[in-house]
Amino acid sequence: MRIALTVLMLMLLLVRQGSCQEVTQEWVFAGASTMQGWSPNAAAKGARLTPEGLQVGPCEFDPFLTITGLSIPGHPAMRVEVEAGCDHDGEWQLFWAVDEEGPFGGFSEKRSARFFVRAGQVRPYVVFPGWQTGERILKLRLDAPDYSTFTVRAIRVTGGAIPAMATAGGKVSGVAEWTFPADAGQWSVFPSDRRGEAEAGPEGWKLEGGSGMIAFSPALDLDADQNTWVTIAARSTRETRIALRWLSSQKGGLHSLTVPLQRTGKPRFYNVDLSGNNDWQGGITMLGLEAPEEDGTDVYLVSLKAGPERSGPAQLDVAFAGFTSPFVRQGWDATFEARLMNTGGAPSAPGKATLTPRGALSLAAGQPATQPLATLAPGETRTISWRVRASEGDNHRVELKLQTGESEQTRTVPLSCHPALPEHLSRKSAYVPPPEPAPTGEYLVGAYYFPGWHTYSRWSCLDDFPERHPVLGYYREGDPEVADWHIKWALEHGISFFIYDWYWSAGDRWLEHALHDGYFNARYRDRMKFCLLWANHNPKGTSSLEDMEAVTRYWIEHYFRRPEYLKVDGKPVMVIFSPYRFREDMGVEGTRQALERSREICREAGLPGIYFVACTYPGEGNIRLLEQEGYDALSGYNYPTAGDGGRKVAPYDAMVRGYKEFWEAIDAAATIPYIPVTEPGWDSRPWHGPGARVRTGKHPDKFRAMLANARQFVDSAGRRLPAGQKIVFVEAWNEFGEGDYIEPHREFGFGYLDAIRDVFSTAPDQHYDLVPEDVGLGPYTLPKPEDASGWDFRGKRHEVFFQNLKEEASDASGLQMISTGDDAALYLPGTRLDAGRFRCIEIRMSVTAGRQAQLFWTSGDGFKEVWSQRFDIVPDGTMRTYHLDLSGKPRWRGTIRQLRLDPCEVRDAKVTLESVWLLESCP
C-alpha cells in the first residue's frame, strides 16, 4: 500500500545527457537477461525485460520496484540516477531503508525523495536523497505513478563529484555565513561542468540564468529550529526567481523554496522565513542556490546567511498600493492606500510619504499630499491612505515617494478605474436587478463553486493578498442577495450552472450554507441550473453500498426533484471528486454495484437514473477501471500541475498547453465522453504559504486562449459528447485560497467572466456590468471580529469551523462535539496576537477516546506540523485542564493569526470544549 504523504516535498529534478562518474552501484535493464535483484509488486503488472529496458504496465494503484540485500555507505553528496520514461507526466518517489523498522520494513516518508518524470521517451533524472554520513542503505524502492505504463532503462548510485558537500578539511560547520565573491571557492557547482557559468567578479558570484546550475555550500550541521531565517543579498538583471535548496537530517531529499527577486541596480536583501516550512527540520546539512531558469537573466550573489532573525539594513517595501475598494468607477471618490513593510533586519528611519496623482486622478479637497512615516521595526507593516477623486479619462495613476533617512524611492502605480455607467443604468434599486442572460447556443458552461467563505476568519487568509478581494468584499456566503449577485453575473457572461462542492462523509454533512441558505432562497434561482460535486476526499472506510444507498436517497429528497437541477439525457448530474475513495473502500466491482444501485434507487423514485461523472487525470490504466466501474463520463476538478514540467513555480502559459494535452490524452484513452475542465490559474499561497505551487503570469487574455481550446475540443468532429451536449466546466467561481477564481475581484474585475462571454456567447461584445454601489445596494462585507486572547464556550457561541467534527450541542457545559474521522480539528476564530507576550495556552476539555491531541498555530501561511505542539490527553470523559508551555518553542513567534485544536486522533470520540486561553506564562 502507498505510504501516507503528510507534506508534498518538492525534489530537485535535473534532466542531463550522459551519466555521472564514480558509480557506486548500477543496474542496467536495457538488453539485460535478469532483473538483477529488483522485483515488482502486485500493482506493477506485466513487468518484462526488453532491449529498451524494464517495461511495466498498465499498472494498478501504487506500483513499485524493490531491491534488498544492499549495503551502500551513505553520504550527503551521493545521488541516484534513474533513466525512466512514462505514458504520462507524474511524480515518482524513491524510498530507501537503513533498518527493518516500522510497518513498511524500514521504508517511510522520512526516508524518501520525490521527483518528476515527463511523459514520453526515456530520459535521465538525478535525485539527491540526502543520505546521512555513516548510515548504510540496505534496500531501495522506486514508486511510479498510479495506473501508469513505464520503462526503466537504468538505475545507478553515484557520488563524490561535489567536493564541497563533503566535509571541508574534515570539519562540519554549525555557522552558515558567506560573502561573495570571496567565499565562492568554498562552494561547489552541480553539474560540475557548469562551473564556468558561475563567475566570481567584483559584483558578486554570478549565477547565469538558463544554465541549470546549482551552487552547493560546504557541509553543515545547522540547527533548523534555531536558524529559521536565511538572508540572501543579491542583484538581478531582471525580475526573476531563484531556488533556495537544502538537505535535512530529519527529512530525505533535496528540499526547495522559490525566492522571487526584483530587478535592481544594486544588491537587495531577501529575508526568507523558513519557520513554517515542514522540510526545514532537524539538522541542515547543506544549503544551495539554483540559478534562474530564464536565459539572459543574471543574478549576482553578494552574501548568504542563516540565523535566528532577519538580517541586513532597513528596507522599506510597498507590499500593496491601490484603491481600498476592489471596484472603483470613474467619477467616484475613493481611498488610495499603501501598505508598507520593513523587510530588512534593522528599524527604518522616520520619514515621509508623498502622493502625487497623475492623469484623471486628483487629491480630494483638503487632503494633504505628504504624510509622516514613523519608524518600522523589522517585519512590521503599516498602512497609510489618501482620499482621491477618479475623474473620467483613460489614465489613472499616482506617484508614491517614500523618504526615510538618506533613502528615497519613487514608485508609479497604475490604477484601474472602470468606466462610468450611462445615466439610465445608475438608478437606485430595492434589490439586485434581474439578470440579462448572455445566450450560449449549443454550449453549456458551468463553474465549480467552493462554499468556504461564510465567516470572517475564513476570508482572513486573503488579508495579505488584496488583489484577490472580491467586488462584494468579504461577504457572508449563504445570504440570498449575495447568491443573486452571483447568479446575475454568471448568467450575463454565459455561465448557465454552478457545480457546488458538496460534502458528505458516512452521513455527516457540512458547508451547505451557500446552497441551502443562499441559492435555494435566491430570487433568480429558477434561471440558473445547479448540480453537485461530491467532494468525497473522506477518511478510508467511509464508502459502502449502504452509504451509497443513504446518500442517494438524500439526493433525491433534497436536490434531484428540484426543477433547477442540471440533467443530461434526463438524468441528474453527479460529479465524483475522488473515484479512488470508492475503489479503495469497495473495489472495482463493489463500486460498479454501488453506482448501479444508486441508479436503481433513482428509477424506483421515478427518475431515469443518475449521470455519474468521474474526475480523473490522464492514465490509461485508471481510465479503464473507471469505465469498468460504470461512470457515464469523465472530467476533472483541476490540474494545477498540467504543463509545469515538475516545477513548483511555472508559467500559466504552459498550463494552457498542458490542459489541452491532458484533455487529449484522457479522450484518446477513453471510450466514454470527456468534459473539458478549464482553469484561470493557480496560486495557493494563502492556504499553503510561500512554498506553495504557483502558476505565474495568469491573465484573462490567456484564460480566453484556454477557453478557446475547450471550445475547439468539444467542436471537433467525432468527439464523444455527453448525450450530444457541448459541456465545458470552469474551475472555479471562487477558489480564492487556491488562486483559481473568476468571480469579479480587484485585480482583473470582470475580466475572466468577459473571457467566457467572448468565447461562448452570441451576445454583443458591448455590455455593462453592474455592481452593488451602482444601484445603491450593499455593502455585504462581514464585520471584522475583535482580536481575542481566549474563548469561553460555556453558553457562548464563537465563529469556529469544524473538520471531521460534528457539533452535538452548545450549552452551559461548553461546545459538545463528536469526531467523525481520525483527523478531527476545530478552527478557532481569527485573531492577531503577539507570540512574544503569550507563552502558554490553557485548554479546558474532556475527551472520551484517543491518546493525543495537537494544537496548531499560524502566522497566515496555513497550518504546518512545525507550527504545532502535541500533548497527551486522558480519555475518560472528565473535564481537565491542559497547559501547553510554548516558551521553549523557537517557532512560536511573531503574530499569531489563528489557532487550530485537534482534540484527538480517533473516530467516535466525544469531546466537550469549555475554553481556550492564551496566557503570559503557565501556572
Considering only the stretch 750-808, state which residues are under 26 Å from LEU511 (Cβ atoms), among the basic types (Lys, Arg) and surrounded by fewer than 16 Cβ atoms within 10 Å (Cβ to Cβ).
LYS784, LYS796, ARG797
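Residue by residue, here is whether (1) over 21 Å from PRO744 (Cβ atoms); (2) assigned to a helix (DSSP H, G or I); (3) among the small types (Gly, Ala, Ser) holds:
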site	(1), (2), (3)
SER496	no, no, yes
ARG509	yes, no, no
HIS516	yes, yes, no
PHE520	yes, yes, no
ARG523	no, no, no
ASP526	yes, yes, no
GLY541	yes, no, yes
ILE896 vs. criteria in contact (Cβ under 8 Å) with a residue 60 or more places away in the chain and touching a His at 6+ places or on another chain (Cβ under 8 Å):
no
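Can you go through LEU274, LEU222, LEU247, LEU257 and tell me which one is under 22 Å from THR297 (Cβ atoms) and either among the aliphatic types (A, V, I, L, M) or within 21 Å of the chain's Cα centre (by Cα) (or both)?
Matching residue, one of LEU274, LEU222, LEU247, LEU257: LEU257.
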The stretch 89-134, residues that are polar (S, T, N, Q) and within 16 Å of PHE64 (Cα to Cα):
GLN93, SER108, SER112
Any idea which residue in the stretch 817-851 is modelled with the highest pLDDT, counting only those that are touching a Phe, Trp or Tyr at 6+ places or on another chain (Cβ under 7 Å) and surrounded by fewer than 18 Cβ atoms within 10 Å (Cβ to Cβ)?
GLU842
Only one of PRO434, PRO451 is outside any strand (DSSP E or B) and not assigned by TED's automatic domain parsing to the domain that holds ALA708. Can you tell me which?
PRO434
Considering the stretch 426-461 alone, what residues qualify as being among the hydrophobic types (A, V, I, L, M, F, W, C) and buried (at least 20 other Cβ atoms within 10 Å of the Cβ)?
VAL432, ALA438, LEU444, VAL445, ALA447, PHE450, TRP453, TRP459, CYS461
Within the stretch 523-546, is there a residue that is buried (at least 19 other Cβ atoms within 10 Å of the Cβ), out of contact with any strand residue (DSSP E or B) (no Cβ under 9 Å at 6 or more places or on another chain), acidic (Asp, Glu) and under 24 Å from ASN734 (Cα atoms)?
no
Taking LEU833 as the residue in question, decide whether it is of a type outside the set (Gly, Ala, Ser) and under 31 Å from the mean Cα position of the chain (by Cα).
yes
Please tell me if ARG389 is surrounded by 16 or more Cβ atoms within 10 Å (Cβ to Cβ) and farther than 30 Å from ARG310 by Cβ.
yes
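In the stretch 142-158, is there at least one residue being on the phi < 0 side of the Ramachandran plot, assigned to a strand (DSSP E or B) and of a type in the set (S, T, N, Q)?
Yes, the conditions are met somewhere in the stretch 142-158.
Residue by residue, here is whether (1) within 25 Å of GLY643 (Cα to Cα); (2) not in a loop (DSSP other than H, G, I, E, B) holds:
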| site | (1), (2) |
| --- | --- |
| GLU91 | yes, yes |
| LEU94 | yes, yes |
| GLU101 | no, no |
| GLY105 | no, no |
| ARG114 | yes, yes |
| GLN121 | yes, no |
| TYR125 | yes, yes |
| GLN132 | no, no |
Residue list for the stretch 753-780, filter: of a type in the set (Val, Ile, Thr), touching a helix residue (DSSP H, G or I) at 6+ places or on another chain (Cβ under 9 Å) and not in a helix (DSSP H, G or I)
VAL771
Of the residues GLY636, GLY609, which is at pLDDT 95 or above, in contact with a helix residue (DSSP H, G or I) (Cβ under 8 Å, 6 or more places away or on another chain) and over 28 Å from CYS86 (Cα atoms)?
GLY609
Of the residues ALA605, ALA642, which is surrounded by fewer than 23 Cβ atoms within 10 Å (Cβ to Cβ) and small (Gly, Ala, Ser)?
ALA605
Checking ASP501, ASP464, ASP479, ASP484 in turn, the sole residue that is in contact (Cβ under 8 Å) with a residue 40 or more places away in the chain and farther than 16 Å from ASN734 by Cα turns out to be ASP464
The number of residues in the stretch 825-880 that are in contact (Cβ under 8 Å) with a residue 60 or more places away in the chain, among the basic types (Lys, Arg) and touching a Ser or Thr at 6+ places or on another chain (Cβ under 7 Å) is 3
Looking for something in contact with a Gly (Cβ under 6 Å, 6 or more places away or on another chain) and closer than 22 Å to ARG581 by Cβ - is there at least one such residue anywhere in the stretch 613-625?
yes
Between a residue in the stretch 253-269 that is hydrophobic (A, V, I, L, M, F, W, C) and any residue that is surrounded by fewer than 18 Cβ atoms within 10 Å (Cβ to Cβ) and assigned to a loop (DSSP other than H, G, I, E, B), which pairs come within a Cβ distance under 8 Å, given they are 6 or more apart or on different chains?
LEU257/PRO690; LEU261/GLU239; PHE269/PRO313
For residues that are farther than 14 Å from TYR741 by Cβ and not in a helix (DSSP H, G or I), scanning just the stretch 454-473, find the one that is farthest from the chain's Cα centre (by Cα).
GLY473
Exactly one condition in (1) within 30 Å of the chain's Cα centre (by Cα); (2) under 28 Å from LEU462 (Cα atoms) is false for CYS840; which is it?
(1)
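Of all strands (runs of 3 or more DSSP E) completely enclosed by the stretch 333-424, which ones contain at least 3 residues that are in contact (Cβ under 8 Å) with a residue 60 or more places away in the chain? First the steps, then the outcome.
Numbers: elements: 333-342, 351-359, 361-363, 370-373, 381-390, 396-404, 407-414.
Here the list reads 333-342, 381-390, 396-404, 407-414.
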Given (1) polar (S, T, N, Q); (2) assigned by TED's automatic domain parsing to the domain that holds GLN898; (3) under 32 Å from the mean Cα position of the chain (by Cα), where does THR781 come up short, assuming only one miss?
(2)
Do any residues in the stretch 542-567 that are of a type in the set (D, E, K, R) have Cβ atoms under 7 Å from those of residues that are at pLDDT below 95 and surrounded by fewer than 19 Cβ atoms within 10 Å (Cβ to Cβ), where the two are at least six apart or on different chains, and which pairs are they?
ASP547/ALA506
Evaluate the following for VAL677: is it under 27 Å from LYS571 (Cβ atoms), at pLDDT 95 or above and out of contact with any Leu (no Cβ under 8 Å at 6 or more places or on another chain)?
yes
I'm checking my understanding of the structure. Among residues of the stretch 471-511 that are touching a Gly at 6+ places or on another chain (Cβ under 8 Å) and among the aliphatic types (A, V, I, L, M), which one is surrounded by the fewest Cβ atoms within 10 Å (Cβ to Cβ)?
LEU511
Among (1) under 15 Å from ALA233 (Cα atoms); (2) crowded, with 21+ Cβ neighbours inside 10 Å; (3) in contact with a Pro (Cβ under 8 Å, 6 or more places away or on another chain); (4) not hydroxyl-bearing (Ser, Thr, Tyr), PRO326 falls short only on (1)
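The values are calculated or read from the model by the stated rules, or taken from the named source; none is laboratory data. Remember, it's a predicted structure, so these values are computed and weren't measured experimentally. We place every Cβ from the backbone using ideal geometry, glycine too, and count neighbours over all the protein chains shown.
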